[in-house]
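Shown next, in structure tokens, is the structure this report addresses.
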């Protein structure tokens, strides 16, 4: 595998879970990186809006690789907002990257692009399917956006589909479950027998870095996930253990959907947000897992973090943050 380290990397969504960890990785490796987010930090993360790429034109001119992590990750935000950020802003960014002759564009997508109804082990040849909420649809559409933009371009494209990314700072798989458990509002559909495909954040960051530097990765799509799967009940039982509680409560899918719909109505009436929406319920019922053979063959990548150690690190972080 031929490696070509980037001269300088531009990372969108640099204040986010994945983007910030990627910034720290490149800093530790001594590779120049600049972050972009709606709020800067006065140092290596500049204030800019990817929907208006001219606000970051100087950074695009200066970088040979863009890693696009910025996205709304939610099953409850309005469809129009999800489309504006995840799809339209991506289209603007990839067009600007080509204009300023960026060498490689790495799009961070998601395994949700396969849809919620797919079953069994899926590799990158599996057809995508928009059977889910706005998050599923917009992640799929963002892939189409970058594929279309680079079809006749000299700019190299790599698409990454991460599994269920957990670890210190993970909002969907650490912070939100803890909050819901504390409120007595956490339940699992499909009696806790849905499939969960955890990948620790450090393993994902290492895989993204290999996708940036491996020459043979150009034009490819990669699943970056664990080998196989565990049940949702097994995954979330750790959160209950951290908090010295019994659980999780595993119920029928019908009951979970009813509860989610009711909670969403209440949230809408009170001006709140219910992340445990019906789309989230369906997502937690999935019966698919992902082949990582392609990433191993082309990138030389495999996950290294033992699951129990990754969960222990997540627990320690949650304690430090006062969440538990």
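Where a number appears in this text, it was derived from the coordinates with a stated rule and is not lab data. In this text, all values refer to a predicted model and were calculated from it rather than measured experimentally. We place every Cβ from the backbone using ideal geometry, glycine too, and count neighbours over all the protein chains shown.
Pairs of Cα atoms nearer than 8 Å and 6+ residues apart set the relative contact order; for the chain it is 19 percent. For segment 228-324, averaging the sequence separation of C-alpha pairs within contact (under 8 Å, six or more residues apart) and dividing by the residue count gives a relative contact order of 27 percent. Relative protection proxy for 151-157, 257-263, 96-102, 63-69, from highest mean packing down: 63-69, 96-102, 257-263, 151-157 (other beta-carbon atoms within 10 angstrom).
Result for the chain in a Gaussian network model with C-alpha springs under 10 Å: among 188, 140, 176, the largest mean-square fluctuation is at 176. Note on residue 1 and residue 119: their simple-model spin labels are 3.4 nm apart, each label 7 Å out from Cα toward Cβ.
By DSSP, the beta bridges lying fully in segment 140-245 are antiparallel in about 20 percent of cases. Protection proxy ranking, highest mean first, for peptides 48-54, 286-292: 286-292, 48-54, where packing is the per-residue count of other beta-carbon atoms within 10 Å, averaged. What do you get for the angle between helix 89-99 and the principal long axis of the chain? Use alpha-carbon atoms, 0 to 90 degrees, nearest ten. Helix 89-99 sits at roughly 20 degrees to that axis. For the chain, DSSP calls about 10 percent of its internal beta bridges antiparallel.
Here residue 191 and residue 131 are evaluated by their C-beta separation; at R0 = 22 Å the FRET efficiency comes out at 0.55.
Here the extension length gained between residue 152 and residue 47 equals 34.7 nm, from 0.36 nm per residue of separation less the Cα-Cα distance. Using the alpha-carbon atoms, what tilt in degrees (0 to 90, nearest 10) does helix 17-29 show relative to the longest principal axis of the chain? So the helix axis and the longest Cα principal axis differ by about 50 degrees. Listing 221, 108 from fewest to most neighbouring C-beta atoms within 10 Å gives 221, 108. As a proxy for reagent exposure, 240, 135 were ordered by neighbouring Cβ count within 10 angstrom, fewest first; the result is 240, 135. Sorted fewest first by neighbouring Cβ atoms within 10 angstrom, 231, 316, 145 come out as 316, 231, 145.
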